[in-house]
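Since the structure comes first, as structure tokens, the remarks are kept for the end.
The values are calculated or read from the model by the stated rules, or taken from the named source; none is laboratory data. Please read these numbers as outputs of a predicted model, since none were measured by experiment. We place every Cβ from the backbone using ideal geometry, glycine too, and count neighbours over all the protein chains shown. Just the protein is used for accessible areas: all its heavy atoms, side chains included, with ligands, DNA and RNA removed. Shrake-Rupley method; radii C 1.70, N 1.55, O 1.52, S 1.80 Å.
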Amino acid sequence: MRSPKEKAEELNRDLEPFGFLYDEKQDIVYSGMYPWQRELGYCRLYDRAALALNMAIQSEPVYFEYDNRRWLIEFWKGQYGMATGAEVGIYVTDKNDILIPGVFEGPFFDCVKDEERIKMQYLLYEDRQLIAYREDLHWWLTAFDVGRFSKPKQLIMRIQLTFPSLGMRNAFLDGLEKAGYGKDSYRAYRTSVQITFSRPKSGQPYDRVRIVFFVVQYLNRLYCRLFLRLTKDFIKTLDKIDYIRFLFPWLYRRLTGFAKADKLREMYLEIVRKKEEAEEVGK
């Protein structure tokens, strides 16, 4: 007997501590502007840990230098546990690479400040079917279609980035070409760039553990099918999630990522702690 607004508010109360919100218009989940992830930065190690968190995703990092700092704009798409989704993130650093023996060696980026955000938008397709559209002045633009199962190679992102200056746009284009995108694979107009992310040009962290990738996807497909079977009498994702929330709380915890969120945050904090220790030794 609760209204859609009440259901959305309850779902958002559950999602917000983990950095996410529900969009009733598109019936998707997305990341907020100030989630806890923004405080912890980014390094490539996070992508390597994705499979351990049931995320079977493809990534495309684009590194470039601008304004005496190193920048990273990265694209992701694939299966995030029980949801198909996509992300675009922008990061920056003015520090040297870090070395955490036996764990990670390379650049560790900070999430950009509010004044460094750029206008980003993308369309996410699965086999020509539009799944989600996102547009915002943001640092981490995301969309997740809950209950949908996809193979990463089925997904296509059509991305547009609008930079604050022509200089930054050109620096990004240099990085894009170094990442393997020829001049015929993107369009540039004024300070905007349009790119299609379909097949990654860079090596993927799971390339050496493909058997694990297939096992994770098998489980993701299984849980998505279970979710859809249990909620077959409902149309909107909000109603499906609400039904699961009351009758199958164990599946709801898996669906919303509660079971993995603490583990993910602990992993991030441990990497940040080791990074800070390495920086102190370097001094």
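Quick look at the numbers
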item	result
Percent RCO, i.e. relative contact order, over the chain, from Cα pairs under 8 Å lying at least 6 residues apart	20
Per residue, in Å², the accessible surface of segment 26-134 once ligands and nucleic acids are set aside, probe 1.4 Å	40
Mean separation of Cα contacts under 8 Å (6+ apart) over length of segment 7-93, as relative contact order %	17
Read-out percent of Cα pairs over 27 Å apart, derived from the coordinates shown; its label in [x] 41; [y] 47; [z] 36	[x]
Protein-only accessible surface order, largest first, of LYS201, LYS183 at 1.4 Å	LYS183, LYS201
Between 0 and 90°, nearest 10: helix 237-247 axis offset from the chain longest Cα axis	60
Ordering of 169-176, 129-136 by burial proxy (mean other Cβ atoms within 10 Å per residue, highest first)	169-176, 129-136
Paramagnetic label zone (point 7 Å from Cα along Cα-to-C-beta, ASP174; backbone N under 18 Å) in segment 33-64	62-64
Structure-based [θ]222 nm, the chain - -39500 (n - 2.57) summed over DSSP H runs of at least 4, per residue, nearest 500	-10500 deg cm²/dmol
Surrounding net charge for VAL112, when Lys and Arg each add one and Asp and Glu each subtract one, Cβ distance under 14 Å	-3
24 Å Cα-Cα threshold exceeded, pairs from LYS7/LYS77; LYS25/LYS119; LYS7/LYS113; LYS153/LYS240; LYS151/LYS183; LYS151/LYS232	LYS7/LYS77; LYS7/LYS113; LYS153/LYS240; LYS151/LYS183
Mean Cβ neighbour count within 10 Å, used as a protection proxy, ranking 220-228, 2-10 highest first	220-228, 2-10
Charge tally in the Cβ shell below 15 Å around TYR181, where Lys, Arg are +1 and Asp, Glu are -1, TYR181 excluded	+2
Protection proxy ranking, peptides 79-89, 25-35, average beta carbon neighbours within 10 Å, highest first	79-89, 25-35
Neighbourhood net charge (10 Å Cβ-Cβ; Lys/Arg +1, Asp/Glu -1) for LYS236	-2
